[in-house]
Amino acid sequence: MITSPAILKANILIVDDKIANIDLLQHMLQSAGYTSVASTSDPFEVCNLHRANQYDLILLDLQMPGMDGFQVMEGLKEIELEGYLPVLVITGQPEHKLRALQLGAKDVISRPFEKFEILARIYNMLEIRLLNREARNQSKTLEQLVQDLQKQIITDPLTNLFNRRFLQEYLPREIAKARRNAGSLAVLMIDLDFFKKINDIFGHEAGDVVLKNVATLLKDCIRESDVACRYGGEEFVLVLSEISPGGAKKKAESIQSAVMGLALTIRQKPLGRVSTSIGVAIYPDHGADMDLLLRAADEALYEAKENGRNCVVVSEARNIRHG
Ligand SMILES: [Mg+2]
């Protein structure tokens, strides 16, 4: 709903080369209660003024020296990208009415005009203008809300990384892409060693500090084309595109030492160093689909744990050792 006070506050511009006409309209509008009425007798100024002030209504004279009202409307069309010209034409030449409407004016009034008729038409035009704007704002808010929700669905709220749900949509798509391009990708499954101890000794808040910091570090370590997810409690999964087994192993090791380099504290108390165990699996070498690839990475991670933690195990290396 648009209220009458909102309409009376609308931004109005009067454009006429004759000062007497401007004075008449201005006085009429002000007496009717409008509080934001500006004017210009220079048609060349209208576009700049509208750009700066975004008028809700422009009362436009047609006959002006140098630049007529039709030309002013052409200029306004370039500013009003949504195509709505908030223009009410006031003209002494009724034969121009149709052309003005065809050019996008929302209404045309001939001189001499009836005061109450023009006030009623102005009020109605403003009501529609403000309703339009309100509807547009609401649909923008709704669009934003949908976007936020879409993001929330695939984001881990604590770390801001993608969540497992996203991985389950993303990974099969990436594998299909790699298959099409005869390319490769790596899955790194990263687990924080002895994470339970951090929670037990320092409390869950400290655990959250560690998770958030490791998440930030992971995001900083990967390329734009890679993806970092929080897979479970203290488990993360990275998907690295177009990378060799050797490159993936190197990346895993550099992540490991970077995490180890974090000097985290809570309430000025150091939390100690955090080591990680990482399992690496490569498409297509260690699995042809998401489930096989994740299982291979998980088994490699399990072996890294078995090996005493704080190490990287690549799926293939494990197979060779056990083969
Ligand atoms: Mg004139």
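Look through the range 14-39, keep the residues that are within 15 Å of the ligand (Cβ to nearest atom) and in contact with a helix residue (DSSP H, G or I) (Cβ under 6 Å, 6 or more places away or on another chain), and return whichever of them is nearest to Leu131 (Cα to Cα).
Our first condition is that a residue be within 15 Å of the ligand (Cβ to nearest atom); within the range 14-39, this holds for 14-25, 39.
Pick out the ones that are also in contact with a helix residue (DSSP H, G or I) (Cβ under 6 Å, 6 or more places away or on another chain) and you get 14-16, 39.
Working: Ile14: 22, Val15: 24, Asp16: 27, Ser39: 24 Å.
If we take residues in the range 14-39 being within 15 Å of the ligand (Cβ to nearest atom) and in contact with a helix residue (DSSP H, G or I) (Cβ under 6 Å, 6 or more places away or on another chain), then Ile14 is nearest to Leu131 (Cα to Cα).
Please identify the pairs in which a residue from the range 59-76 that is on the phi < 0 side of the Ramachandran plot has its Cβ atom under 8 Å from the Cβ atom of a residue that is away from the ligand (no atom under 13 Å from the Cβ) and of a type in the set (Lys, Arg), counting only partners at least 6 apart or on another chain.
Every condition considered, the pairs that remain are Phe70/Arg99.
Residue-by-condition table, conditions (1) at pLDDT below 95; (2) more than 18 Å from Ser184 (Cβ to Cβ):
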position	(1), (2)
Arg267	yes, yes
Arg273	yes, yes
Gly279	no, no
His286	yes, no
Met290	no, no
Leu301	no, yes
Gly308	yes, yes
Glu316	yes, no
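Just checking, which of Ala281, Ala300 is over 17 Å from Pro172 (Cα atoms) and in contact with a Gly (Cβ under 7 Å, 6 or more places away or on another chain)? Working first, answer last.
Values: Ala281 fails: over 17 Å from Pro172 (Cα atoms).
Ala300 is the lone residue from the list that is over 17 Å from Pro172 (Cα atoms) and in contact with a Gly (Cβ under 7 Å, 6 or more places away or on another chain).
Can you name the residue in the range 42-68 that is in a loop (DSSP other than H, G, I, E, B) and more than 13 Å from the ligand (Cβ to nearest atom) and, of all such residues, is farthest from Thr91 (Cα to Cα)? Step through it out loud before you land on a result.
As a first pass, look at the range 42-68 and keep what is in a loop (DSSP other than H, G, I, E, B): 42, 54-56, 62-68.
If we keep only those that are more than 13 Å from the ligand (Cβ to nearest atom) too, we end up with 54-56.
On the way: Gln54: 23, Tyr55: 20, Asp56: 20 Å.
Here the answer is Gln54.
Yes or no: the range 172-180 includes at least one residue that is more than 22 Å from Glu306 (Cα to Cα), in the same structural domain as Arg267 (by TED's automatic domain parsing) and over 29 Å from the mean Cα position of the chain (by Cα).
Within the range 172-180, the subset more than 22 Å from Glu306 (Cα to Cα) is 172-180.
Still in the running and in the same structural domain as Arg267 (by TED's automatic domain parsing): 172-180.
Within this subset, residues satisfying the condition of being over 29 Å from the mean Cα position of the chain (by Cα) are 179-180.
There is at least one residue in the range 172-180 that is more than 22 Å from Glu306 (Cα to Cα), in the same structural domain as Arg267 (by TED's automatic domain parsing) and over 29 Å from the mean Cα position of the chain (by Cα).
Being over 27 Å from Gly183 (Cβ atoms), in the same structural domain as Asp208 (by TED's automatic domain parsing) and in contact (Cβ under 8 Å) with a residue 60 or more places away in the chain, is that true of even one residue in the range 290-305?
Yes, the range 290-305 contains a residue that is over 27 Å from Gly183 (Cβ atoms), in the same structural domain as Asp208 (by TED's automatic domain parsing) and in contact (Cβ under 8 Å) with a residue 60 or more places away in the chain.
State whether the residues of the range 111-118 include one that is within 14 Å of the ligand (Cβ to nearest atom) and of a type in the set (Lys, Arg).
Checking the range 111-118: at least one residue is within 14 Å of the ligand (Cβ to nearest atom) and of a type in the set (Lys, Arg).
Give all pairs with beta carbons closer than 9 Å in which a residue from the range 87-98 that is part of a helix (DSSP H, G or I) meets a residue that is polar (S, T, N, Q); count only pairs at least 6 apart in sequence or on separate chains.
Pro94/Ser110; His96/Gln63; Lys97/Thr91; Lys97/Ser110
Take the residues in the range 69-86 that are assigned to a loop (DSSP other than H, G, I, E, B) and acidic (Asp, Glu), then tell me which one is nearest to the ligand (Cβ to nearest atom). So that I can check it myself, show each step before the final result.
Going through the range 69-86, the residues assigned to a loop (DSSP other than H, G, I, E, B) turn out to be 80-86.
Applying the additional criterion that residues be acidic (Asp, Glu) yields 80, 82.
On the way: Glu80: 23, Glu82: 28 Å.
That would be Glu80.
What are the residue pairs meeting all of these: first residue in the range 128-156, first residue among the polar types (S, T, N, Q), second residue at pLDDT below 95, Cβ atoms under 8 Å, and 6 or more apart or on different chains?
Asn132/Tyr84
Of the numbered conditions (1) buried (at least 16 other Cβ atoms within 10 Å of the Cβ); (2) within 14 Å of the ligand (Cβ to nearest atom); (3) assigned to a loop (DSSP other than H, G, I, E, B), Ala105 satisfies every one except a single condition; which is it?
(2)
Using the structure shown, decide if Gly308 is closer than 30 Å to Phe202 by Cα and either in contact with a Phe, Trp or Tyr (Cβ under 6 Å, 6 or more places away or on another chain) or in contact (Cβ under 8 Å) with a residue 40 or more places away in the chain (or both).
no
Does Arg173 satisfy the condition of being closer than 30 Å to Gly232 by Cβ, in contact (Cβ under 8 Å) with a residue 12 or more places away in the chain and charged (D, E, K, R)?
Values: closer than 30 Å to Gly232 by Cβ: yes; in contact (Cβ under 8 Å) with a residue 12 or more places away in the chain: no; charged (D, E, K, R): yes.
Spelling it out, it is not the case that Arg173 is closer than 30 Å to Gly232 by Cβ, in contact (Cβ under 8 Å) with a residue 12 or more places away in the chain and charged (D, E, K, R).
Which residue out of Leu85, Leu60 is within 41 Å of the chain's Cα centre (by Cα), assigned by TED's automatic domain parsing to the domain that holds Thr40 and more than 20 Å from Arg136 (Cα to Cα)? Spell out how you get there, then give the answer.
On the way: Leu85 fails: more than 20 Å from Arg136 (Cα to Cα).
Residue meeting the stated conditions: Leu60.
The values are calculated or read from the model by the stated rules, or taken from the named source; none is laboratory data. As the structure is a prediction and not an experimental result, all values here were calculated from the model. Note: ideal-geometry Cβ built from the backbone for every residue, glycine included; neighbour counts use all protein chains shown.
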